[in-house]
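Here's the structure, in structure tokens; my notes come after.
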Amino acid sequence: MRNKQKGFSLIELLIVVAIILIIAAIAIPNLLRSRMAANEASAVGSLRTINTAEVTYSTTYPSIGFAALASLGGAAPCTSATSAAACLIDDVLSSAAAIKSGYSFTATAAGGPPAVTYTSLAVPSALGQSGQRAFCSDQSGVIRYNALGTGCANSDPAL
């Protein structure tokens, strides 16, 4: 009588595991790159939100002009807007440790009073993992990027 073998041999299992590892080696870097691209798009969108909030703030409070990032937000639920908490952006973006989608955000006003200029900056919180480029903007509303990801200036190319 012959023994009927049930199941897979060791060689067959090793081949399947090798194929799965090859597919994972191809897919994981693409997944990480797409996540970084999504984080960068979110950072650009957040800078656009900060630009809009700065213009609204300077229009609402002309004697103050532009404001720092903390003054643009407010604790949730933000029910009464003041110059110290204008309720223009969410509290995640306006907090002291403003990290959103892998990017750290800052905004500073200069000049004045009233402050006639501001600079907003978004840098990756983990360079090469959460994002590759840094982004910045100022009162002109133009969003610029720096490919090194460590900082950004008004001399960098526009998006």
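The values are calculated or read from the model by the stated rules, or taken from the named source; none is laboratory data. Given the structure is predicted, the values throughout are model-derived calculations rather than measurements. Using ideal geometry, Cβ is built from the backbone for each residue, glycine included, and neighbour counts are taken over all protein chains shown.
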Checklist line | Selection from region 80-120 of residues that are under 10 Å from the mean Cα position of the chain (by Cα) and part of a strand (DSSP E or B) | finding: Ile99, Lys100, Tyr103, Ser104, Phe105
Check: Among the residues of region 136-159, which ones are closer than 26 Å to Ile28 by Cα and either in contact (Cβ under 8 Å) with a residue 60 or more places away in the chain or not hydroxyl-bearing (Ser, Thr, Tyr) (or both)?
Finding: Asn146, Ala147, Leu148, Gly149
Item checked: Residue satisfying all of: in region 128-154; closer than 22 Å to Val55 by Cα and of a type in the set (Ser, Thr, Tyr); surrounded by the fewest Cβ atoms within 10 Å (Cβ to Cβ) among these -> Ser140
Next item on the list: Could you please give the count of residues in region 76-111 that are farther than 23 Å from Arg35 by Cα and in contact with an Asp or Glu (Cβ under 9 Å, 6 or more places away or on another chain)?
Entry: 5
Notebook entry, point to check: Taking only pairs six or more apart or across chains, which ones have beta-carbon atoms under 7 Å, a first residue in region 64-80 that is at pLDDT below 85, and a second residue that is crowded, with 20+ Cβ neighbours inside 10 Å and part of a loop (DSSP other than H, G, I, E, B)?
Noted result: Gly74/Ala86
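Residue-by-condition table, conditions (1) assigned to a helix (DSSP H, G or I); (2) of a type in the set (Asp, Glu); (3) free of Cβ contacts under 8 Å to residues at least 40 places away in the same chain:
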site: Ile15; (1), (2), (3): yes, no, yes
site: Ala18; (1), (2), (3): yes, no, yes
site: Ile22; (1), (2), (3): yes, no, yes
site: Ile28; (1), (2), (3): yes, no, yes
site: Ser34; (1), (2), (3): yes, no, yes
site: Glu40; (1), (2), (3): yes, yes, no
site: Gly45; (1), (2), (3): yes, no, yes
site: Asn51; (1), (2), (3): yes, no, no
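Suppose the filter is surrounded by fewer than 20 Cβ atoms within 10 Å (Cβ to Cβ), within 29 Å of Gly128 (Cβ to Cβ) and not acidic (Asp, Glu); does Thr52 pass it?
No.
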Note to self: For region 108-127, give me each residue that is surrounded by fewer than 20 Cβ atoms within 10 Å (Cβ to Cβ) and in contact (Cβ under 8 Å) with a residue 60 or more places away in the chain.
What the structure shows: none
